[in-house]
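Structure record follows, encoded as structure tokens.
The values are calculated or read from the model by the stated rules, or taken from the named source; none is laboratory data. Because the structure is predicted, anything quoted here is derived from the model rather than measured. Because the Cβ atoms are built from the backbone with ideal geometry, glycine has one as well, and the counts that use them run over all protein chains shown. Side chains are part of the model used for accessible areas, which takes the heavy atoms of the whole protein and leaves out ligands, DNA and RNA. Shrake-Rupley method; radii C 1.70, N 1.55, O 1.52, S 1.80 Å.
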Amino acid sequence: FQPKLLAGKRVLLTAGPTAEPIDPVRVITNRSSGKTGYALARAAAEAGAHVTLVSGPTALTAPRGVRRVGVQTARQMHEAVLAVAPLADVFIAVAAVADWRVVNASTQKIKKQGGNASGLPTLSFEANPDILADVAALPDGPWCVGFAAETENLAEHAEAKRRSKGIDLLVGNLAQDVMDADTTALQLFDAQGVHPMPAADKLTAARRLVAEIAARLPPRGPL
Ligand code: C5P
């Protein structure tokens, strides 16, 4: 008999993009299918975890046994995550969160000729909260895993990101390889260095990643 790798653990994930309104019919968003995050949610549930998946808008349905909380904006995702994070054992941030939101979003649809003298609207932005950094900073918070999709200098950016966010494990991949794709080649960055994983379909890669996370989790403290 082999116990499941994450039996009884509470795993919280984010997945998909966020969508930041410009007006009631237009949004600013990131390119993210949600496939990697949903595959990880499924793999964590298969490994015996209680899984909550906070998801931005995607075309995917929640994996069996996974509690899905649907959100649109980064601020909604932040609120939904922070409500659950103090009770989670593991937090895996996979979502492609929009870095900025539109401050002057219109409550009515902006008309084509409704902008400035040139007829073009002017958008002003402000920064969205960094969900992963905020969870990583919680006292007694969950063990945190981040993702980085870079277009170049992956190792450099990934290790810098791991340190600046104060997280234990950062999973890197090349954005051009992974977007919309069904396969992925992940590299793990931890305090020991970089560990490349073989290219695989996203579910296989997710199952391997769950095994890597389970192997790194500190033993549960006294109850
Ligand atoms: O900061 P950056 O977007 O480069 O880092 C990516 C990692 O941080 C991913 O794990 C992503 O889910 C997470 N993140 C977040 N909240 C943000 C921005 C990124 O949780 N506002």
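General remarks:
- If the condition is being within 30 Å of residue 8 (Cα to Cα), of a type in the set (Gly, Ala, Ser) and either within 13 Å of the ligand (Cβ to nearest atom) or surrounded by fewer than 11 Cβ atoms within 10 Å (Cβ to Cβ) (or both), then the range 75-125 contributes 80, 85, 93, 95, 96.
- Candidate set: the range 166-176, residues that are under 17 Å from the mean Cα position of the chain (by Cα) and more than 22 Å from residue 51 (Cβ to Cβ); chosen: the one surrounded by the most Cβ atoms within 10 Å (Cβ to Cβ): 172
- Condition met for residue 151 (open to solvent by less than 80 Å² (accessible area, probe 1.4 Å), within 16 Å of the ligand (Cβ to nearest atom) and among the polar types (S, T, N, Q)): no
- In the set (1) over 16 Å from the mean Cα position of the chain (by Cα); (2) in a helix (DSSP H, G or I); (3) within 25 Å of residue 78 (Cα to Cα), the condition left unmet by residue 206 is number (1).
- Matching residues, the range 63-74, being aliphatic (A, V, I, L, M) and under 15 Å from the mean Cα position of the chain (by Cα): 69, 71, 74
- Residue in the range 30-50 that is farthest from residue 206 (Cα to Cα), counting only those that are of a type outside the set (Gly, Ala, Ser) and under 14 Å from the mean Cα position of the chain (by Cα): 30
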